[in-house]
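Below: the structure, in structure tokens.
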Amino acid sequence: MADTIAKPGGLSVMLRVSWPILLILALLAFAPTLSNALDNPFLVRLFTRAVIFAMAAVALNFVLGFGGLVSLMHGGLAGIGAYAVAIMAFHDYDGSKFLGVFPGTSDLAILIPVAMLAAGLGAALTGIVALRTSGAYFIMITLAFNQMLYYFFVALQQYGGDDGLQILSNLTLAGFDISRRATFYYVALVALCAELFFFSRVVASRFGTILQACAQNERRVTAIGIPPLRYKLAALAISGAAAGLAGALWASGQQFVSPSELSWDRSGDYIVMAVLGGTGRVWGPVLGAVVFVLLEAFLPAWTQFWQAPFGVVVILIVVFLRGGLIDLMGGSLARPTGGGR
Amino acid sequence: MTFSLFIEQLLNGVQLGVMLFLMAAGLTLVFGIMNLINLAHGSLYMAGAFFAATVFQISGSFLLAVPIAVALTALVGGVVERAVLRQFYARSHLDQVLVTFGLILVFNDAVRLIWGVVPVPLAPPEALAGSVHLFGGVDYPAFRLAILGVGALVALGLYFVVSHTRIGMWIRAGASNRPMASALGVDVELVFSLVFSAGAGLAGLAGLMAGPITAVQVGMGEPILILALVVTVIGGIGSIRGAFVAALMIGVGDTFGRVLLPPALGSMAIFMLMAAILAWRPKGLFPVHG
């Protein structure tokens, strides 16, 4: 983890440790071309899914891999972002007002900041309670909050309740049409790149160093006069906002959101992606998300019972591949911390 | 709300609380003693219901199904503990979350493979099929009343075992200070296996009793697992007494929350309750460690 502690600016260092992700992103950029060449529009949808899952998993990994906070509520936080988009678009289509005050809109240039703000706020509010505890309590409480969000959206009859909410208006980005699959895919890919750049800078900053120190030894951090809670709360809020961005794009790409997208197993999936790729790097979860989505798409083609082999894969990863897939690519990159203990 | 409706809802709440206690007892002991987060506990609940449904289909007797299903679930729990989970006691909570998450996927597919995706029928025993007249003109299903009774008996029995027997003393010793208990000659490994199997059996019991009320289907254990985790956290991880108090609190709170509050709030009521309690007592109502 030399690069995560080193001062920002060492361009050659950054290139040396981040060539795999540059390669992955470059390959991802060709997904629409490949899809065209094979005349298979399914591929673009598949990779859009991978890119958006990657964004959520990268957001989660900021607190998981660097803050030692095993959050099981990131599915719910992404869901807040998704519902923010769907609800505002619903009001735009309907001509009514949200809470009787705010007019709806279908412009992602407004919707995305709103979604990020809502999810960040949700993460901060739940974080105030959850961060009073640690370890196993934190995991279980975030899981409970995830379900709270799930049941909340199930109970919102006005916005579709159990059935979910369809986005009927045409979403735009600052006036530009993004309804073409390939266009939307590139929007998502650019957002992922921006997110990766943002988090790699944050991890390398003073804030990121303190966050990692909190994960390693909170008592020492306190002893040198830094209040850990503040930093962990800020990290959770930032991570939540990024998850909200992923959710916002998810809803936009699908033109639909349903509560099942924020059930707790989705949160578990994000953890699997993060660990599968490797929690020691900002970009590790991207690799995990791509592999996850490919497995999810192609395992069912061989067998109807694909979840069991997938579960076995997850167990084997935990047992044998402790540094994630990036361990296989770049030799021994140690995981920064043990996480929850 | 009329008096009879109030009594009916109160009984529903206590009955849910008793079920939650059966689930939470295993969770909280497994966590308290072995420091293991077991997200797959809901799968054992599901397994109990499916075993019972199969025995019921073959023999036609619910009473016979109960002991066999509980024993089989305890056996499955014991095998999983020995084969997989034993290696994870000393690992990080993140690893435990992942491995038990993987186990859920395996269990769900195993059940799909064996029993199919269609819910399996499981009827309550003939003698308990009707309803009972209670005071104040309340009619209440006999089977639900029986669940309440069985749950209360198990809770009492568990309380007796944990606080008044030698094995209970080992369990408490292991929960409050594992290395010391081990140093004083307690066979901690054996206690681990026993506790895990017993917890699995209790989850199986809860599942098979819920079967006739809800539906015996894949994933039936997951909603109740979340509630049981909430119970465990509120009660204080590792505390049987805490689990009992919190289970009744959550059971009654959830039932009344859904009846009295508007739906969006009612479904969130217990999580709000949890947040309030943890803001006040971060280690739960009856903390075991320190």
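The values are calculated or read from the model by the stated rules, or taken from the named source; none is laboratory data. If you're wondering where the values come from, they're calculated on a predicted model, not measured in any experiment. Note that we place each Cβ from the backbone using ideal geometry, even for glycine, and neighbour counts take in every protein chain shown.
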Inset, instruction - Name, by its number, the condition in (1) crowded, with 24+ Cβ neighbours inside 10 Å; (2) more than 10 Å from chain A (Cβ to nearest Cβ) that does not hold for B:L39. - result: (2)
Inset, instruction - Determine whether B:P263 is modelled with pLDDT under 90, within 11 Å of chain A (Cβ to nearest Cβ), over 16 Å from the mean Cα position of the chain (by Cα) and surrounded by fewer than 22 Cβ atoms within 10 Å (Cβ to Cβ). - result: yes
Inset, instruction - Would you confirm whether any residue within region A:59-67 is touching a His at 6+ places or on another chain (Cβ under 8 Å) and at pLDDT 95 or above? - result: yes
Inset, instruction - Please work out if A:V44 is modelled with pLDDT of 80 or more and in contact with a Lys or Arg (Cβ under 6 Å, 6 or more places away or on another chain). - result: yes
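Matching residues to (1) over 19 Å from B:I240 (Cα atoms); (2) in contact with a Gly (Cβ under 8 Å, 6 or more places away or on another chain); (3) surrounded by fewer than 23 Cβ atoms within 10 Å (Cβ to Cβ):
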position	(1), (2), (3)
B:G26	no, yes, no
B:A49	yes, yes, no
B:V66	yes, no, yes
B:L72	yes, yes, yes
B:E81	yes, no, no
Legend entry - Hits in region A:101-122 (condition: in a helix (DSSP H, G or I), in contact with a Leu (Cβ under 8 Å, 6 or more places away or on another chain) and away from chain B (no Cβ under 14 Å)): A:L108, A:A109, A:L111, A:I112, A:A115, A:M116, A:A119
Legend entry - Positions within region A:156-172 being away from chain B (no Cβ under 14 Å), out of contact with any Asp or Glu (no Cβ under 6 Å at 6 or more places or on another chain) and outside any strand (DSSP E or B), in sequence order: A:D163, A:G164, A:I167, A:L168, A:N170, A:L171
Inset, instruction - Within region B:265-290, track down each residue that is more than 16 Å from B:T232 (Cα to Cα), in contact (Cβ under 8 Å) with a residue 12 or more places away in the chain and part of a loop (DSSP other than H, G, I, E, B). - result: none
Legend entry - Residues of region A:69-96 satisfying the condition of being part of a loop (DSSP other than H, G, I, E, B) and surrounded by fewer than 24 Cβ atoms within 10 Å (Cβ to Cβ): A:G95, A:S96
Legend entry - Where a residue in region A:252-280 is closer than 14 Å to A:V293 by Cα and its partner, wherever it lies, is crowded, with 24+ Cβ neighbours inside 10 Å and among the polar types (S, T, N, Q), with Cβ under 8 Å and at least six apart: A:A274/A:N61
Inset, instruction - Output yes when any residue across region A:189-207 is in contact (Cβ under 8 Å) with a residue 60 or more places away in the chain and aromatic (F, W, Y), and no when none is. - result: yes
Legend entry - For A:L99: the one exception among (1) more than 22 Å from the chain's Cα centre (by Cα); (2) crowded, with 23+ Cβ neighbours inside 10 Å; (3) of a type in the set (A, V, I, L, M): (2)
Legend entry - A:G324, sole failed condition from (1) at pLDDT below 85; (2) surrounded by fewer than 24 Cβ atoms within 10 Å (Cβ to Cβ): (2)
Inset, instruction - Name, by its number, the condition in (1) farther than 30 Å from B:N35 by Cα; (2) over 19 Å from the mean Cα position of the chain (by Cα); (3) of a type in the set (D, E, K, R) that does not hold for A:E195. - result: (2)
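To keep it simple, each residue is scored yes or no on (1) closer than 30 Å to A:T303 by Cβ; (2) surrounded by fewer than 17 Cβ atoms within 10 Å (Cβ to Cβ); (3) in contact (Cβ under 8 Å) with a residue 12 or more places away in the chain.
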site: B:I58; (1), (2), (3): yes, yes, no
site: B:L122; (1), (2), (3): yes, no, yes
site: B:H133; (1), (2), (3): no, yes, no
site: B:L153; (1), (2), (3): no, yes, no
Inset, instruction - May I ask you to say which residue of A:S252, A:S239 is hydroxyl-bearing (S, T, Y), part of a helix (DSSP H, G or I) and within 12 Å of the chain's Cα centre (by Cα)? - result: A:S239
Inset, instruction - Could you tell me whether any residue of region A:144-155 is under 26 Å from B:G257 (Cα atoms), within 14 Å of another protein chain (Cβ to nearest Cβ), part of a helix (DSSP H, G or I) and touching a His at 6+ places or on another chain (Cβ under 9 Å)? - result: yes
Inset, instruction - Mind listing whichever residues of region B:107-153 are of a type outside the set (S, T, N, Q), in contact with a Phe, Trp or Tyr (Cβ under 8 Å, 6 or more places away or on another chain), more than 14 Å from every other protein chain (Cβ to nearest Cβ) and at negative phi? - result: B:V120, B:L122, B:A123, B:P124, B:P125, B:L128, B:A129, B:V132, B:L134, B:G151
Legend entry - Test set (1) surrounded by 19 or more Cβ atoms within 10 Å (Cβ to Cβ); (2) at pLDDT below 80; (3) more than 9 Å from every other protein chain (Cβ to nearest Cβ) - A:P285 fails condition number: (2)
Legend entry - Selected residue (only one of A:L294, A:L316, A:L299, A:L276 is in a helix (DSSP H, G or I), more than 12 Å from every other protein chain (Cβ to nearest Cβ) and among the aliphatic types (A, V, I, L, M)): A:L294
Legend entry - Sole residue being within 30 Å of B:L10 (Cβ to Cβ) and among the small types (G, A, S), chosen from B:A110, B:A146: B:A146
Legend entry - Check on A:A204, more than 30 Å from B:I226 (Cα to Cα), within 21 Å of the chain's Cα centre (by Cα) and small (G, A, S): yes
Inset, instruction - Tell me which residues, restricted to region B:146-166, are over 14 Å from the mean Cα position of the chain (by Cα), closer than 13 Å to B:M209 by Cα and hydrophobic (A, V, I, L, M, F, W, C). - result: B:A146
Inset, instruction - Return the residue satisfying two criteria in turn: it lies in region B:6-36 and is touching a strand residue (DSSP E or B) at 6+ places or on another chain (Cβ under 9 Å) and aliphatic (A, V, I, L, M), and of such residues it is farthest from B:G157 (Cα to Cα). - result: B:I7
Inset, instruction - Tell me which of these B:M249 doesn't satisfy, since it passes every other one: (1) within 9 Å of chain A (Cβ to nearest Cβ); (2) among the aliphatic types (A, V, I, L, M); (3) buried (at least 19 other Cβ atoms within 10 Å of the Cβ); (4) not in a loop (DSSP other than H, G, I, E, B). - result: (1)
